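The structure appears below as structure tokens.
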Amino acid sequence: MPIQRVLVVDDDSFSREFLTEAAKSLGLETTSCSNGEAALAHARSNPVDIVFTDLRMPGMSGVDLVRAMTTEFPETPVVLVTAHGTVETAVEAMKLGAVDFLVKPCTP
């Protein structure tokens, strides 16, 4: 299935807008949320093809969002994007179902 609908989740507005604009420049329909709770609510009412989420956010963390998304939407890939990457965190995210782990800053 081709990826058309992207959900970007990051509490940092600059990072969120950067990834949103990068996806839009590729012609993808993009929605952004500033926290995991809003992202999960959005995904429940609006199907998405892929999720890019920050690791550290207030409330629901990126790891918690990976866990929730892979439970509720196992067919939707989730990519963790963070400036605080460690091997341990990457391994944990992959075990929970994340398909990739990117370290900020990243380029489109």
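All of the numbers you see were taken from the coordinates with simple rules; none came from a lab. On a predicted model such as this, the values are computed, not experimentally measured, just so you know. We place every Cβ from the backbone using ideal geometry, glycine too, and count neighbours over all the protein chains shown.
Observations on the structure shown:
- Projected label distance in nm at Asp64 and Val91, using a 7 Å step from Cα toward the beta-carbon: 2.4
- Among the GluC sites (Glu not before Pro) found in the stretch 1-96, those both in a DSSP coil and sparsely packed, with 15 or fewer other Cβ atoms within 10 Å of their Cβ, are Glu75.
- In plain terms, the chain from Leu26 to Asp12 could stretch by 2.9 nm, reckoned as 0.36 nm per residue minus the Cα-Cα distance.
- Taking only the Cα atoms of the chain, the radius of gyration and Dmax are 12.3, 34 Å.
- Basic side chains Lys and Arg get +1 at the Cβ, acidic Asp and Glu get -1 at the Cβ, and with that the dipole of the chain about its Cα centre reaches some 80 debye.
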